[in-house]
Amino acid sequence: MGATISGLVDHEKLTSSNIGPLETGLGDLPESCIALVLTHLDPIEICKISRVSRTFHQASLTDLVWESKLPQNYQILLKNYKNLWSNVSVDSGSLTKKEIFVRLCRPNHFGSSNYKAFWMEKNRGICVCISWKEMKITGIEDRRYWTHVSSDESRFNTFAFLKQIWWVEVEGNLEFEFPAGNYSVFFRLQLGKTSRRLGRRICTVDQVHGWNIKPVQFQLSTSNGQQASAQYYLNEAGKWINYYVGDFVVDSMPTKLKFSMTQIDCTHTKGGLCLDSVLIIPAHIGPKYVNF
């Protein structure tokens, strides 16, 4: 691509014997026209094409280009989550639109304990992740049932491991300013306890039991009456799985959510489960494209 563009902007003679007018190339386009074209590209393509020439580079920095990549409610996010611009000497108004885009793409922790985070998944929308530490979990403080495990496999560097219990109940809630759109909710779980041995990932499954007898119930509700539910038998051990709960639609802000996971059949015990977080993402993305 670089060779093609370079050829277009090279100055050539119209004839072999006379010096005529120079041909017009991409380098002669006004910066504003280039910026308008760049608004139709995704962020990675913009960064690549900015290396074509100085004019393209300057055009790629303009607010016109990057404002089109920001969520429609980015000003509300800047206002309500000051960690986005906490290290800016003046205020959020001194940030360029590209700087705002970059900051939104980073994990931004919020809440009193910083165990909730939101970020923008490239140009696909706002995602939110809520740690198990922000949820109400039956027996979580009793080490006979649950242990807290430090791990680099979690966005929050920790997950909860269930050793054994009769009654499993996990509840959480969230209030957040999502941009308008459709969103999906997932619980991130794993059967088996992972660890590192000589640099290798080891997953111990000897405590896994009780999840294939009765299904686990997942539920979701919103403050405006939307509801969704799902149930799954947990069978796959040794890997993290995002269990889909359901979708909800945002048409006004802020959005209040409640979500839960239960297995309250007391005829048998359950154990060997890792609970990491709840993930909320734009419905069109799909959890496999989200970087944990």
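Extension gain residue 44-residue 122, at 0.36 nm per residue separation less the Cα-Cα distance, in nm?
Taking residue 44 through residue 122 to full extension adds about 27.2 nm, to one decimal.
Using θ = phi - 60° and the Karplus form 6.51 cos²θ - 1.76 cosθ + 1.60, what ³J(HN,Hα) does each residue of segment 103-120 get, whole Hz, x for Gly and Pro?
Couplings: 5, 5, 6, 8, x, 10, 7, 8, x, 5, 10, 6, 9, 10, 8, 10, 7, 9 Hz.
Once the dipole of segment 89-160 is set up with Lys and Arg at +1 and Asp and Glu at -1 on Cβ about the Cα centre, which of 140, 150, 94 lies farthest towards its positive end?
Highest projection toward the positive end goes to 94.
Taking the full set of protein chains and a 1.4 angstrom probe, give the accessible area of residue 222 in square angstrom, rounded to the nearest 10.
20 Å²
In square nanometres and to one decimal, what's the mean projected area of the convex hull around the Cα atoms of segment 97-140?
Over all viewing directions, segment 97-140 projects a mean Cα-hull area of 3.7 nm².
Report, to two decimal places, the Cα Rg of segment 170-227 normalised by 2.2 N^0.38 Å (N = number of residues).
After normalising by residue count via 2.2 N^0.38 Å, the value is 1.69.
Between the DSSP loop rule and a limit of at most 14 other Cβ atoms within 10 Å, which trypsin sites (Lys or Arg not before Pro) in segment 218-292 are left?
Within segment 218-292, the qualifying trypsin sites (Lys or Arg not before Pro) (loop, at most 14 other Cβ atoms within 10 Å) are 239.
The values are calculated or read from the model by the stated rules, or taken from the named source; none is laboratory data. Source: prediction; values computed, not measured. Neighbour counts are summed over all protein chains in view; Cβ atoms, including those assigned to glycine, are modelled from backbone coordinates with ideal geometry. When the accessible area is computed, the model is the full protein with side chains, heavy atoms only, and any ligands, DNA or RNA have been set aside. Shrake-Rupley method; radii C 1.70, N 1.55, O 1.52, S 1.80 Å.
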